[in-house]
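Got a structure for you, written out below as structure tokens; questions coming shortly.
The values are calculated or read from the model by the stated rules, or taken from the named source; none is laboratory data. None of these values were measured; they are calculated from a predicted model. We place every Cβ from the backbone using ideal geometry, glycine too, and count neighbours over all the protein chains shown. Note: areas computed on protein heavy atoms with side chains; ligands, DNA, RNA excluded. Shrake-Rupley method; radii C 1.70, N 1.55, O 1.52, S 1.80 Å.
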Amino acid sequence: MHSADVIIIGSGPAGLTAAIYTARADLSPIVIEGEPSSTSDQPGGQLMLTTEIENFPGFPNGLLGPELMDNMRQQASRFGATFVSAKVTRIDTDSRPFEIYTTDGDPNEPTYRTKSIIVATGARSIMLGLDNELELIGHGLSTCATCDGFFFRNQSIMVVGGGDSALEEALFLTKFAQKVTIVHRRDQLRASKIMQDRARQNPKIEFLWNSVVKELHASNGSLSGVTTEDVLTGTTSDHAVTGLFVAIGHAPNTDIFKGQLSMTSTGYIETTNGTATSIEGIFACGDVQDHIYRQAITAAGSGCMAAIDVERWLESQAHAS
Ligand code: NAP
């Protein structure tokens, strides 16, 4: 059993920034960073699945997602953060200090006791589940137009989905691409009327209705085309696209907090007064509580906020006792 002042769950930009700040505040944070066994909860978060990052301030020549995460991790280590490769399986939020059970401990005993917790478990893009999908992320396949749209100048690309995200991505991508085809599995969009109108009026956007992407084709490790299937007729067709943006929704990684922390109807953790959750002493930052901005820089910013909130809260507790 280990005791801590603060435990940070998650090691994307939010968790690592919280680690840098709490470590510099002499709180000796323990970061439970997840396990590298599955892609969705790979330590380092979604940036481990990105290639080039060009919009993170301070890097005029860009850098690779994993490189940025490694830099942040080293920076946190330098000030005394400890990293644990494990997954949290359960949290007892009734006990004080809080008790955290992990995959690297006895399943029936808490591995850690901690006065405070920063939840930075992020969100994951829902994927199509196609064979070579994960290998092609960052090589033609993307889940973030703001991050990767720039690389598709004058190219012919596709967006999958019929919700607001898909249409927003498609509209953004028309700034760069020559043509954007929205592939939707029905003949009616789920997106809001205003987004539908904008997309329909954009001359660069075409729709492929009642269709799903069945296969991804690669050449030299990058996407070179896709095969779609008409779900009504079963007819397949090939499309020579060099970019495919998957925008079929996001899911926050909040399963272990269900029934404990207040959440929105879509499962994101609700925060007030900065990063405070519904339980005093537990704070949340990054994509796990933000379904709007979802950028590395905004996640990092809210990680900094959570660290400051924790530091002040611990100080107030010390004065109270
Ligand atoms: P969403 O509203 O759940 O839409 C997901 C879309 O993907 C739906 O059209 C769905 O098809 C399709 N889809 C789901 N699984 C699929 C699969 N396996 N294969 C193919 N297509 C699939 O998700 P979202 O667009 O990310 O939006 C989430 C929330 O954020 C919504 O409330 C949205 O309004 C909001 N949002 C707002 C804005 C804005 O206001 N600017 C921007 C982005 C998001 P079906 O329609 O057939 O189910």
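Away from the ligand (no atom under 16 Å from the Cβ) and within 30 Å of ILE256 (Cβ to Cβ): which single residue out of ALA120, ALA166 fits that description?
Details: ALA166 fails: away from the ligand (no atom under 16 Å from the Cβ).
When all the criteria are applied, what remains is ALA120.
So the check is Cβ under 6 Å with 6+ separation or different chains; which pairs have a first residue in region 107-131 that's assigned to a loop (DSSP other than H, G, I, E, B) and a second one that's polar (S, T, N, Q) and open to solvent by less than 80 Å² (accessible area, probe 1.4 Å)?
Listed by first residue and then by second, the contacts come to THR111/THR102; THR121/ASN253; GLY122/ASN253.
OK, next. Of these, LEU141, LEU63, which one is within 16 Å of the ligand (Cβ to nearest atom), under 21 Å from the mean Cα position of the chain (by Cα) and either at pLDDT 95 or above or not basic (Lys, Arg) (or both)?
Checking each option against the conditions leaves just LEU141.
Since SER278 meets every condition but one in (1) away from the ligand (no atom under 16 Å from the Cβ); (2) without any contact (Cβ under 8 Å) to a residue 12 or more places away in the chain, which condition does it not meet?
(2)
Let me ask something else about it. Conditions first: (1) open to solvent by less than 20 Å² (accessible area, probe 1.4 Å); (2) at pLDDT 95 or above. ALA123 passes all but one, so which condition is the exception?
(2)
Something else about it: Tell me, please, whether a residue that is of a type in the set (Val, Ile, Thr), within 16 Å of the ligand (Cβ to nearest atom), in a loop (DSSP other than H, G, I, E, B) and more than 29 Å from ILE256 (Cα to Cα) can be found in region 144-163.
So the first thing to find is which residues in region 144-163 are of a type in the set (Val, Ile, Thr), and the list is 146, 157, 159-160.
Then keep just the ones that are within 16 Å of the ligand (Cβ to nearest atom); that gives 146, 159-160.
Subsequent filtering for residues that are in a loop (DSSP other than H, G, I, E, B) retains none.
No, region 144-163 contains no residue that is of a type in the set (Val, Ile, Thr), within 16 Å of the ligand (Cβ to nearest atom), in a loop (DSSP other than H, G, I, E, B) and more than 29 Å from ILE256 (Cα to Cα).
Within 16 Å of the ligand (Cβ to nearest atom) and either of a type in the set (Lys, Arg) or surrounded by fewer than 16 Cβ atoms within 10 Å (Cβ to Cβ) (or both): does that describe ALA218? Outline the logic, then answer.
Working: within 16 Å of the ligand (Cβ to nearest atom): no; either of a type in the set (Lys, Arg) or surrounded by fewer than 16 Cβ atoms within 10 Å (Cβ to Cβ) (or both): yes.
Answer is no for this residue.
For the subset of region 164-196 comprising residues that are under 21 Å from the mean Cα position of the chain (by Cα) and open to solvent by less than 20 Å² (accessible area, probe 1.4 Å), which member is farthest from LEU232 (Cα to Cα)?
Restricting to residues being under 21 Å from the mean Cα position of the chain (by Cα) and open to solvent by less than 20 Å² (accessible area, probe 1.4 Å), the top hit is LEU173.
Filtering region 285-298 down to residues that are in contact with a helix residue (DSSP H, G or I) (Cβ under 7 Å, 6 or more places away or on another chain) and open to solvent by less than 10 Å² (accessible area, probe 1.4 Å), which residue is nearest to the ligand (Cβ to nearest atom)?
Once the filter is applied, the top-ranked residue is GLY286.
While we're here: Can you work out which of the residues in region 253-264 that are open to solvent by 10 Å² or more (accessible area, probe 1.4 Å) and within 18 Å of the chain's Cα centre (by Cα) is nearest to the ligand (Cβ to nearest atom)?
THR264
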